[in-house]
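Colleague: My structure is below; once you've seen it, I'll send some questions.
The values are calculated or read from the model by the stated rules, or taken from the named source; none is laboratory data. Computed from a prediction, not measured in an experiment: that's the story for all the values here. All Cβ positions, glycine included, derive from the backbone under ideal geometry; neighbour counts span all protein chains shown. SASA here: full protein model, heavy atoms, side chains in, ligands and nucleic acids out. Shrake-Rupley method; radii C 1.70, N 1.55, O 1.52, S 1.80 Å.
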Amino acid sequence: MEASSITVSLQFLLLLFFTTIFFPSSFASQQQDKPPSYLKMVANASEFPLEDYYDYIIVGGGTAGCPLAATLSQSHRVLILERGGVIHGKLNLMNQEGFLNTLLSATANNANNEDSPAQSFVSEDGVLNARGRVLGGSSAINAGFYSRADCEFFTKSGLNWDLKLVNESYEWVEREIVFRPDLKTWQSAVRDGLLEAGVGPYNGFTLDHATGTKIGGSTFDSQGKRHSSADLLRYARHSNLRIAVYASVERLLLASSSSSFAPNSATGSSVIGVLYRDQNGRYHHAMLKDFGEVILSAGAIGSPQLLLLSGIGPRPYLSSWGIPVAHHLPYVGHFLYDNPRNGITILPSVPLEHSLIQVVGITNSGAYIEAASNVVPFLSPPQTAFIRSSASPLYLTVGTLISKISGPVSAGFLRLASTDVRFNPIVRFNYFSNGVDVEKCVNGTRKLGDVLRSRAMNDFKFRNWLGVRDFRFIGPALPNDQTDYAEMADFCKRTVSTIWHYHGGCVVGRVVNRHLKVIGIDSLRIVDGSVFSVSPGTNPQATLMMLGRYFGLKIIREREGKGTHEL
Ligand SMILES: Cc1cc2nc3c(=O)[nH]c(=O)nc-3n(C[C@H](O)[C@H](O)[C@H](O)COP(=O)(O)OP(=O)(O)OC[C@H]3O[C@@H](n4cnc5c(N)ncnc54)[C@H](O)[C@@H]3O)c2cc1C
Ligand SMILES: *[C@@H]1O[C@H](CO)[C@@H](O)[C@H](O)[C@H]1NC(C)=O
Ligand SMILES: *[C@@H]1O[C@H](CO)[C@@H](O)[C@H](O)[C@H]1NC(C)=O
Ligand SMILES: *[C@@H]1O[C@H](CO)[C@@H](O)[C@H](O)[C@H]1NC(C)=O
């Protein structure tokens with residue numbers, strides 16, 4: 001296909017989800033909802049005692065951490081320690097249109113500003129990425145697409161899943177925060193285009209993973225209001241749960257296992273509590289009661305980082321930082337993955353409504369196809385004298401088609417940039433270092449080409465001066481000869497970006513066992529995206545929320561059984 005390009009500023013090329021300009025918040029007038037009831041359990045860390053005791057201390061009030069805490073609080077005294085603040089009252093977080101602004105403010109702000117709910121980082125691969133830093137975690141800043149894991153995930157993830165409990169846990173989440181989206185122009189056209197391109201059958205609206213094209217769930221409701229894992233705190237027993245925000249956990253507190261905390265331990269150390277810092281710089285000790293546990297739910301970047309800072313990791317590496325080694329665990333921070341995203345963006349010939357991901361094409365060739373339509377500021381190049389004022393840029397909605405590969409198999413690793421937990425670790429994903437990932441990307445981007453050639457996409461073309469209808473691409477177009485593998489592979493590497501589904505760093509079998517207990521340390525578990533070496537389904541948040549609920553129930557049952565039959 002012939003690609004006509006329009007002249008755009010450099011900043012505009014960065015677009016899709018990333019631009020460096022703020023656009024006006026037309027939604028700012030939207031009325032404020034009444035505060036959620038969970039706010040009654042939330043206080044600033046500075047208001048917490050300098051020392052206190054809990055059955056379960058959950059580090060990170062994120063996607064997995066909130067459902068886990070809500071569940072455990074049914075029978076135990078639970079503390080959540082979250083480094084960020086709360087989503088309520090932050091308009092950008094509360095609705096779909098604010099999605100980009102949240103990411104933009106993360107890029108513009110100091111990465112260590114605790115008040116910014118998204119913390120940006122750039123991997124050594126050169127790809128701009130983001131981490132949630134707010135109660136609700138990354139589910140409070142994400143694109144809201146909700147879809148359960150594929151069946152293969154449950155057989156290959158290394159855990160002994162109870163599939164009935166898995167389903168009940170998904171349903172527990174879905175009852176509260178998952179909605180059926182309303183498709184508008186762009187998402188409908190993409191659905192039709194996928195079917196024309198052979199990504200069938202059509203599975204309609206379903207939360208299940210199945211080959212073909214479907215409409216998935218959304219954590220945005222019909223009013224466009226965001227729901228996040230923090231809303232699952234509604235299920236908590238209020239008298240049993242305390243939530244400290246602006247509580248930055250600096251390290252785990254360990255004791256040698258000869259202590260009374262772990263009388264049966266055959267190994268080195270046992271966790272007895274955590275040390276956290278409030279926003280005034282004061283240190284607090286949260287300590288475990290007998291038979292309690294610390295559970296890390298700090299995410300794929302935060303959990304391995306905290307293990308390393310606590311002296312749990314590869315001995316030579318920890319020594320190089322002068323961190324006393326509590327337990328040699330060679331793969332902490334390794335087997336870290338990010339699914340590459342590649343795609344195209346067009347300026348449509350007809351106006352589009354704003355949409356985040358609602359439709360997905362699940363191919364059987366290693367790629368998932370998704371789409372979004374976003375409002376972006378169109379900056380006229382400075383030379384153009386015809387547009388009146390650069391102070392009033394045009395706002396346009398562009399259509400994006402993306403391909404995400406499954407897996408991936410290319411692995412990277414994480415290392416410390418500082419012994420201060422507030423600094424992002426140095427992260428490398430090694431996108432496309434394995435040829436299988438390249439092949440999946442070529443398959444996926446070829447499928448994008450098929451979708452663009454579908455009749456459903458015709459409506460978005462412009463007629464050029466020769467009367468020929470074609471797309472106006474913003475940024476790179478697909479190679480003309482899509483049968484040329486080398487050219488397609490080059491496109492994949494040249495245009496790689498992230499869909500923010502990074503995972504791993506504390507994977508099952510290397511850092512945690514199949515009960516998600518940290519190998520060789522007592523009273524310490526990890527329940528978040530860091531334990532998986534493949535990303536579940538097309539998009540991970542459904543499964544991470546399920547995981548929190550699921551392990552909450554497992555832990556309660558294990559304790560009721562007095563440890564006689566472990567999970
Ligand atoms: C921009 C973006 C868009 C996305 N879109 C989608 C989508 O549409 N659909 C989908 O399914 N997935 C999406 N994802 C991915 C998904 O949101 C994440 O994979 C998932 O939320 C990760 O969950 P988690 O529990 O592992 O970590 P998180 O939810 O990130 O939770 C970790 C929490 O720990 C806290 N924390 C970290 N370190 C510390 C510390 N030292 N002390 C105290 N607290 C700490 C963090 O502040 C955070 O709240 C998106 C992600 C992003 C960033
Ligand atoms: C909690 O801390 C934040 C940020 O430091 C501040 O804006 C807020 O007013 C504090 N809340 C209370 C109840 O002190
Ligand atoms: C769980 O749900 C899936 C999808 O809805 C279904 O196919 C499966 O049979 C269920 N499994 C169990 C054990 O209930
Ligand atoms: C790429 O697609 C081809 C054709 O559908 C398929 O045979 C192959 O297995 C796919 N590659 C991967 C890595 O999935």
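Colleague: With a cap of 16 neighbouring Cβ atoms within 10 Å, and only residues DSSP puts in a loop, list the GluC sites (Glu not before Pro) found in region 98-157.
Modeller: Numbers: sites: Glu114, Glu124, Glu152; in loops: Glu114, Glu124.
The qualifying sites are Glu124.
Colleague: Once fully extended, how much extra length lies between Glu353 and Ser37, figured as 0.36 nm per residue of separation less the alpha-carbon to alpha-carbon distance?
Modeller: Answer, rounded to one decimal: 110.5 nm.
Colleague: Shifting gears a bit: If you add up the charges near Glu487, with Lys and Arg at +1 and Asp and Glu at -1, over every other residue whose beta carbon is less than 12 angstrom from its beta carbon, what do you get? Kindly include the intermediate steps, with their values, before the conclusion.
Modeller: Details: positive: Arg446, Lys493, Arg494; negative: Asp481, Asp484, Asp490.
Local net charge: 0.
Colleague: At 1.4 Å probe size, with no ligands or nucleic acids counted, give the accessible surface of Met41 in Å², nearest ten.
Modeller: Rounded to the nearest 10, that gives 10 Å².
Colleague: Continuing with the same structure: Using a 1.4 Å probe on the protein heavy atoms, what percent of the accessible area of the chain belongs to carbon and sulfur? Walk me through the numbers before you get to the answer.
Modeller: Numbers: 11150 of 21860 Å².
Reported share for carbon and sulfur atoms: 51 percent.
Colleague: When the Cα centres of region 392-456 and region 168-241 are compared, how far apart do they sit, in Å?
Modeller: Each part reduced to its Cα centre gives a spacing of 22 Å.
Colleague: Now for a separate question. Please list, in order along region 329-336, the HN-Hα scalar couplings obtained from phi with the Karplus expression 6.51 cos²θ - 1.76 cosθ + 1.60 (θ = phi - 60°), rounded to whole Hz, x for Gly and Pro.
Modeller: Each residue of region 329-336 in turn: 9, x, 9, 5, x, 9, 6, 9 Hz.
Colleague: From the square roots a ≥ b ≥ c of the eigenvalues of the alpha-carbon gyration tensor of region 278-377, which class results: rounded (a/c under 1.5), prolate (a/b over b/c), or oblate? Kindly include the intermediate steps, with their values, before the conclusion.
Modeller: On the way: a/c = 2.83, a/b = 2.14, b/c = 1.33.
Prolate.
Colleague: Restricting attention to the chain, give the cysteines that have no other cysteine Cβ less than 4.7 angstrom from their Cβ.
Modeller: Cys66, Cys151, Cys506
Colleague: Points 7 angstrom from Cα along the Cβ direction at Ser320 and Asp470: gap in nanometres?
Modeller: The modelled label-to-label distance comes out at 5.0 nm.
Colleague: Let me ask something else about it. Can you pick out the pairs among Lys164/Lys517; Lys184/Lys225; Lys184/Lys493; Lys40/Lys164; Lys404/Lys461; Lys289/Lys517 whose Cα atoms lie more than 27 Å from each other?
Modeller: Values: Lys164/Lys517 22 Å; Lys184/Lys225 17 Å; Lys184/Lys493 32 Å; Lys40/Lys164 33 Å; Lys404/Lys461 24 Å; Lys289/Lys517 18 Å.
Violating the 27 Å Cα-Cα cut-off are Lys184/Lys493; Lys40/Lys164.
Colleague: Here's a follow-up. Helix-derived [θ] at 222 nm for the chain: sum -39500 (n - 2.57) over DSSP H runs of at least 4, divide by residue count, nearest 500? Please report the intermediate quantities before stating the final value.
Modeller: Working: 12 runs with 124 residues, N = 567.
Helices in the chain give a 222 nm mean residue ellipticity of -6500 deg cm²/dmol.
Colleague: Calculate, in nm to one decimal, what Arg428 and Asn167 gain on full extension: separation in residues at 0.36 nm each, minus their alpha carbon distance.
Modeller: On the way: separation 261, 0.36 × 261 = 93.96 nm, distance 3.42 nm.
Difference between extended and current length: 90.5 nm.
Colleague: Please give the per residue accessible area of the chain, computed with a probe of 1.4 Å over protein heavy atoms only, in Å². All intermediate terms of the calculation are to be shown ahead of the outcome.
Modeller: Numbers: 21860 Å² over 567 residues.
Roughly 39 Å² per residue, with all protein chains present.
Colleague: What is the gain in length, in nm to one decimal, between Asn280 and Asp52 on full extension, counting 0.36 nm per residue of separation less the C-alpha to C-alpha distance? Could you put the intermediate results ahead of the total?
Modeller: Working: separation 228, 0.36 × 228 = 82.08 nm, distance 1.84 nm.
Stretched fully, the Asn280-Asp52 segment lengthens by 80.2 nm.
Colleague: Please state the shape class of region 113-214: rounded when a/c is under 1.5, otherwise prolate if a/b exceeds b/c and oblate if not, all from the C-alpha gyration tensor. Kindly include the intermediate steps, with their values, before the conclusion.
Modeller: Details: a/c = 1.64, a/b = 1.21, b/c = 1.35.
The shape class here is oblate.
Colleague: From the square roots a ≥ b ≥ c of the eigenvalues of the alpha-carbon gyration tensor of the chain, which class results: rounded (a/c under 1.5), prolate (a/b over b/c), or oblate?
Modeller: On the way: a/c = 1.82, a/b = 1.69, b/c = 1.08.
It is prolate, given that a/c is not under 1.5 and a/b is the larger ratio.
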